[in-house]
Amino acid sequence: MTSLRLLANGASTDHPVPGLPFADDIHLGGGPYPSGLARIADPETDGLVWIVHAHPGLGRTVALYEAGPDFGPWEWHSTRPLVTRAGGYWWDGVGWHRPPQLWDETAGFFEDQPVPAATTITAADLLDGKGDADRGDVHRASTLTRKSAAVDTSQWRHDLSRWSRTRTPAAGHLPLERCVVSLTAPELAGEQLLGTRALAAAAGISSSALRAYISRGQGAVPPPQTVLGNRPMWSRPVAENWAEHRRRPATDRWPSHRDRPALPPGTDQIRRTIGPVLFAALWDDPERRARWALRHRTRQAVGDVAADLAYLAADRLQETCPTQALADVLTQAALADPTAAADGSSSVGQVLDWFARHHAPAAETVVSAITEQLRQGIPRAHTVQPLPSDALETPAPPVSSRVSA
């Protein structure tokens with residue numbers, strides 16, 4: 001999968017990302033956009049996509065992304081914040097919050113962690129006569145590439161000044177004092193950030209293991225808050241939250257691969273059947289994938305999620321079966337017509353076989369009970385033989401094959 005790569009701010013955005021050039025987005029139209037997210041292919045260049053995220057009271061973000069043909073996810077999480085900066089710190093219109101990392105099982109959403117002493121940096125704060133609009137640039141989308149996606153600080157001030165000159169209240173633009181660019185906070189100060197070695201130590205793993213996680217897109221490693229000299233750096237709270245996330249035990253509702261017990265043969269067959277269906281639903285539909293997938297998700301990672309969901313679905317299907325009631329009905333049916341129970345194609349024989357594959361211990365008890373009752377009052381020619389313990393393994397002989405007529 002080719003992940004989205006942020007290339008530029010749209011010229012009509014209200015909240016520009018610092019350090020990125022501005023691209024002409026006149027084809028998107030002016031004025032307020034409908035509330036929510038919109039995805040629009042660039043009319044001139046294949047592989048470029050515009051993302052427009054609008055809020056009725058907080059304005060809109062417009063950004064240009066480079067993406068492959070099967071792109072889908074981007075960095076919005078479940079609350080779809082309008083502005084995210086510094087590796088996932090997000091703004092709710094009033095204050096800043098840390099990246100969502102710790103899932104609250106009781107509440108059903110991520111723990112909310114406001115950032116202490118956070119200060120919002122607006123476009124008005126950065127301009128203040130420090131940029132020359134005549135030296136600023138607004139590019140055509142088709143001219144932007146990965147190499148040209150970043151500009152130096154002095155040039156970006158000129159670009160920002162030119163962007164600000166086009167903004168007028170009559171066109172419905174937010175005033176510069178409400179245009180969010182970034183944030184500052186004590187925990188994001190340079191001397192407070194942690195490198196790869198410190199992040200690995202916080203999580204109790206080696207630096208090489210952490211680098212492997214990052215290169216493979218595994219382990220839910222959080223995006224860094226910044227990169228200094230090609231070195232990713234994380235804030236201490238983000239590092240501690242990731243370590244806490246790794247320490248939390250798997251719940252009964254979501255057992256990990258190494259913790260979950262083997263399913264009965266019939267139930268495991270359901271898992272193998274459901275798995276590909278869930279994978280196709282999660283991965284092959286771009287609209288659905290965009291709602292839940294994170295930026296770093298890969299085909300393999302989505303396959304693992306689908307496998308977990310298939311296991312959980314198959315495991316829970318067992319709980320929907322009234323095992324004891326079914327055992328009683330099967331016992332009565334087999335005693336009423338032992339010949340039918342011996343016939344694997346009959347209704348009783350088919351249900352007995354299904355019961356053995358999905359609820360082997362209960363099926364063994366049922367067959368033993370039937371056998372004992374038949375031996376007490378039925379001629380030997382109509383005996384249901386007990387199901388041996390080795391028949392509970394895969395492949396299992398049908399229960400009906402244990403019935404002799």
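Checked across the range 136-143, the condition of being among the β-branched types (Val, Ile, Thr) and part of a helix (DSSP H, G or I) holds for at least one residue.
Among residues of the range 222-251 that are within 17 Å of Leu183 (Cα to Cα), those with a Cβ under 6 angstrom from a residue that is part of a helix (DSSP H, G or I) and among the acidic types (Asp, Glu), sequence gap 6+ or separate chain, pair up as Ser235/Glu187; Pro237/Glu187. The set of residues in the range 108-147 that are over 21 Å from Asp25 (Cβ atoms), within 29 Å of the chain's Cα centre (by Cα) and either among the β-branched types (Val, Ile, Thr) or at pLDDT 85 or above (or both) comprises Glu111, Asp112, Gln113, Pro114, Val115, Pro116, Ala118, Thr120.
Across the range 13-33, not a single residue is classified as in the same structural domain as Ala123 (by TED's automatic domain parsing), assigned to a strand (DSSP E or B) and at pLDDT below 90. Within the range 190-212, being assigned to a loop (DSSP other than H, G, I, E, B), out of contact with any Pro (no Cβ under 8 Å at 6 or more places or on another chain) and surrounded by 13 or more Cβ atoms within 10 Å (Cβ to Cβ) holds for Leu193, Ile205.
Looking for something modelled with pLDDT under 85, surrounded by 14 or more Cβ atoms within 10 Å (Cβ to Cβ) and on the phi < 0 side of the Ramachandran plot - is there at least one such residue anywhere in the range 43-64? Give the derivation first.
If we filter the range 43-64 for residues that are modelled with pLDDT under 85, which is where we start, we get none.
Scanning the range 43-64, I find no residue that is modelled with pLDDT under 85, surrounded by 14 or more Cβ atoms within 10 Å (Cβ to Cβ) and on the phi < 0 side of the Ramachandran plot, so the answer is no.
Of all residues being at pLDDT below 90 and at negative phi in the range 214-226, which is surrounded by the fewest Cβ atoms within 10 Å (Cβ to Cβ)? Just the residue, please.
Initially, the range 214-226 is screened for residues at pLDDT below 90, giving 214-220.
When the remaining residues are screened for being at negative phi, the result is 214-216, 218.
Details: Ile214: 17, Ser215: 8, Arg216: 13, Gln218: 15.
The qualifying residue surrounded by the fewest Cβ atoms within 10 Å (Cβ to Cβ) is Ser215.
For the condition outside the structural domain of Gly303 (by TED's automatic domain parsing) and touching a Cys at 6+ places or on another chain (Cβ under 7 Å), Ala133 does not qualify. The range 274-392 holds helices (runs of 4 or more DSSP H) entirely within its bounds, and those carrying 2 or more residues that are touching a Phe, Trp or Tyr at 6+ places or on another chain (Cβ under 8 Å), closer than 30 Å to Phe109 by Cα and modelled with pLDDT of 65 or more map to 286-292, 299-319.
Residue count for the range 167-186 under the criterion of being assigned to a helix (DSSP H, G or I), touching a residue at least 24 places away in the same chain (Cβ under 8 Å) and either buried (at least 18 other Cβ atoms within 10 Å of the Cβ) or more than 34 Å from the chain's Cα centre (by Cα) (or both): the result is 3. Considering only the range 91-114, I want to know if a residue exists there that is part of a helix (DSSP H, G or I), at negative phi and free of Cβ contacts under 8 Å to residues at least 60 places away in the same chain. No, because not a single residue in the range 91-114 is part of a helix (DSSP H, G or I), at negative phi and free of Cβ contacts under 8 Å to residues at least 60 places away in the same chain.
Scanning the range 213-238 for residues that are within 17 Å of Ala185 (Cβ to Cβ) and in contact with a Pro (Cβ under 7 Å, 6 or more places away or on another chain) yields a count of 5. Examine the range 154-166 for a residue that is of a type in the set (A, V, I, L, M, F, W, C), surrounded by fewer than 14 Cβ atoms within 10 Å (Cβ to Cβ) and modelled with pLDDT of 95 or more, and state whether such a residue exists. No; the residues of the range 154-166 include none that is of a type in the set (A, V, I, L, M, F, W, C), surrounded by fewer than 14 Cβ atoms within 10 Å (Cβ to Cβ) and modelled with pLDDT of 95 or more.
The values are calculated or read from the model by the stated rules, or taken from the named source; none is laboratory data. Note that the structure is a prediction, hence the values are computed from the model and not measured. So basically every Cβ, Gly included, is an ideal-geometry build from the backbone, and we count neighbours across all protein chains shown.
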